[in-house]
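Student: Structure in structure tokens, see below.
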Amino acid sequence: MLFLDNVTKRYKMRDGSWHTVLDGITALIRPGDAVGILGRNGAGKSTLIRTMARVEYPSSGRVEHRMSVSWPLGFGVGLQNTMSGADNVRFISRLYGRDPDEIMDFVEDFAELGDYMRMPTKTYSSGMMGRLQFGLSLAIDFDCYLIDEATATGDSRFVERARQMLAARTRDRAIIMVSHQANTIRSYCRTAAVLNEGKLTFYEDMDEAFAAYEAL
Amino acid sequence: MLGFRMQGRVIYALLLREMTTRFGRDQIGFLWVFFEPAILAIAIGTLKHLLDRGGQHGVPPFMFGVIGYAPYFAFRGMINQAAGALTANMTLLYHKQVKLLDIMLARGLLQSGVVTVVLFVVITGAVWFIGMTPHSVPTLVGGLMLMLMYSYGLAMLVAAATAAFEFTDRIIHPLTYLALPFSGAFIPMHALPPTWRELFLLNPQPHFHEMMRDGMFGDLLPAYYDVPYALGWIVAVNLLGLYALSAVRPKLEH
């Protein structure tokens, strides 16, 4: 279970005024849920996912994790871009208390980066970065995956493999994905929510969510 | 207990990562980290030796230079590397088990390890060539440990300050140079007139350098230091540093 209890996030602006990005959001994500969160550019999607991951602190309210939650998977996030893919894999394996060799085998197999595993990750294309992040987080095996859209887009072969991997696991795991594209959400998620003006609205029916999002 | 094991794991992972990024993948890089301060310390020691023939009451100027310089190099390194350390490592905070304290501890431990090895190598070399053994190894090591703990506390403060206020990043580097004459790294307190000495000893840094010199030279050079006074400063800067880190954490935006 991942629980957001009346979470508010404000940023102080240059002129001293406050900008409210998340306005009293309450949400409960259970194992097996696959929720897509739709929001326009600047709606606060990334802030929401970082707050859910507990790497950014809410201004008020609380975030509770009762299952293991991945770091927010996004472009280059959580990786050291001057280190090679392989060094990043080793580092993150140790960080999460896993055997680096075991994780490496899985990532090499999943990400299909070949010799690029020994290149600094700053030389990676966004597709390669997505494969590395995805492979790494799948290898570490979290109960809940927090995914930023850029990671989940890639060529059709990758999207299909990632989808299958996740689908095979999500019986008892959860996915939370943020995107501004309805298509991406549709291919990974079963329910959807819309983030607008700091409020998060959940919809049981995906099409209903898409309609509400289009109407914004 | 689980928390401690987790933090241990995180610090271990950070330490290995810090070593690969700083040393590179080849063994030469690894050696270079030790050679750089060692070569500088030996150069300073040699300069001292050439300029200061005869020395003070039988204190070999070379040893005096090395004992002063190597620890100051560590102090300066720790402070300078702390500037901007948090913003540079922001990406690590995407893993929620990584605390700011872990980042600081991993860097501090690595830096401390490097300077300890350098001092050990240089002193062993000196014992070999000059035939001079440290007067009291525990005093020497104690002085070094106190200085490293003080540097670490200051480093936490600097890291937090540079993350909170951008301008501090620009002044830290020159400050570490300007602070050199007041650190007592190259001035024995015994050589100062008593009133000056008292003023100098308000700063905790000369206490550490005096203690290390006492450990090395013993009766050859009277030393002036007050361990409880130095410890008071160490506790103060470390508590302030811990507080500053926790205060700056919510302000860090990715």
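Student: Looking at (1) of a type in the set (D, E, K, R); (2) more than 10 Å from every other protein chain (Cβ to nearest Cβ); (3) within 25 Å of A:Arg186 (Cα to Cα), find the lone condition where A:Arg50 falls short.
Tutor: Against the list (1) of a type in the set (D, E, K, R); (2) more than 10 Å from every other protein chain (Cβ to nearest Cβ); (3) within 25 Å of A:Arg186 (Cα to Cα), A:Arg50 comes up short only on (2).
Student: Looking only at segment B:116-133, count how many residues are closer than 16 Å to B:Gly65 by Cβ and within 20 Å of the chain's Cα centre (by Cα).
Tutor: Residues flagged as closer than 16 Å to B:Gly65 by Cβ and within 20 Å of the chain's Cα centre (by Cα) within segment B:116-133 amount to 5.
Student: Same structure again: Output yes when any residue across segment B:53-64 is at pLDDT 85 or above and more than 14 Å from every other protein chain (Cβ to nearest Cβ), and no when none is. Lay out the reasoning, then the answer.
Tutor: So in segment B:53-64, the residues at pLDDT 85 or above come out as B:64.
Then drop every residue that is not more than 14 Å from every other protein chain (Cβ to nearest Cβ), which leaves B:64.
Scanning segment B:53-64 turns up at least one residue that is at pLDDT 85 or above and more than 14 Å from every other protein chain (Cβ to nearest Cβ).
Student: Within segment A:24-114, considering only helices (runs of 4 or more DSSP H) that don't extend past its boundaries, which have at least 3 residues that are outside the structural domain of A:Ala182 (by TED's automatic domain parsing) and touching a residue at least 12 places away in the same chain (Cβ under 8 Å)? Steps first, answer last, please.
Tutor: Working: elements: A:45-52, A:85-95, A:100-111.
Of the helices (runs of 4 or more DSSP H) lying wholly inside segment A:24-114, those with at least 3 residues that are outside the structural domain of A:Ala182 (by TED's automatic domain parsing) and touching a residue at least 12 places away in the same chain (Cβ under 8 Å) span A:85-95, A:100-111.
Student: Looking at segment A:95-106, can you tell me whether even one residue there is within 19 Å of A:Ile176 (Cβ to Cβ) and more than 11 Å from chain B (Cβ to nearest Cβ)?
Tutor: No, every residue in segment A:95-106 fails to be within 19 Å of A:Ile176 (Cβ to Cβ) and more than 11 Å from chain B (Cβ to nearest Cβ).
Student: For residues in segment B:172-216 being crowded, with 16+ Cβ neighbours inside 10 Å and polar (S, T, N, Q), which is farthest from B:Met63 (Cα to Cα)?
Tutor: Here the residue is B:Thr176.
Student: Can you name every one of the helices (runs of 4 or more DSSP H) wholly within segment B:139-254 that holds 1 or more residues which are in contact with an Asp or Glu (Cβ under 7 Å, 6 or more places away or on another chain)?
Tutor: Result: B:204-217.
Student: Report, by residue number, each residue of segment B:111-138 that is part of a helix (DSSP H, G or I) and over 30 Å from B:Leu16 (Cα atoms).
Tutor: Listed by number, the residues that qualify are B:Ala126, B:Val127, B:Trp128, B:Phe129.
Student: Here's another thing I want to ask about it. Is it the case that B:Val237 is touching a residue at least 40 places away in the same chain (Cβ under 8 Å), among the β-branched types (Val, Ile, Thr) and farther than 26 Å from B:Gln81 by Cα?
Tutor: Spelling it out, it is not the case that B:Val237 is touching a residue at least 40 places away in the same chain (Cβ under 8 Å), among the β-branched types (Val, Ile, Thr) and farther than 26 Å from B:Gln81 by Cα.
Student: For residues in segment B:65-101 being closer than 30 Å to A:Val89 by Cα and charged (D, E, K, R), which is farthest from the other protein chains (Cβ to nearest Cβ)?
Tutor: Ranking the candidates gives B:Lys99 first.
Student: Assess whether B:Gly113 counts as being under 16 Å from the mean Cα position of the chain (by Cα), in contact (Cβ under 8 Å) with a residue 40 or more places away in the chain and over 18 Å from B:His49 (Cβ atoms).
Tutor: no
Student: I've got another one for you. Looking at (1) modelled with pLDDT of 90 or more; (2) closer than 18 Å to B:Leu16 by Cβ; (3) at the interface with chain B (Cβ under 10 Å from one of its Cβ atoms), which is the one condition that is false for A:Val89?
Tutor: Of (1) modelled with pLDDT of 90 or more; (2) closer than 18 Å to B:Leu16 by Cβ; (3) at the interface with chain B (Cβ under 10 Å from one of its Cβ atoms), only one is false for A:Val89: (3).
The values are calculated or read from the model by the stated rules, or taken from the named source; none is laboratory data. All figures in this text were calculated on a predicted structure; none of them were measured in a lab. Here Cβ is always computed from backbone atoms with ideal geometry, including for glycine, and neighbour counts include all displayed protein chains.
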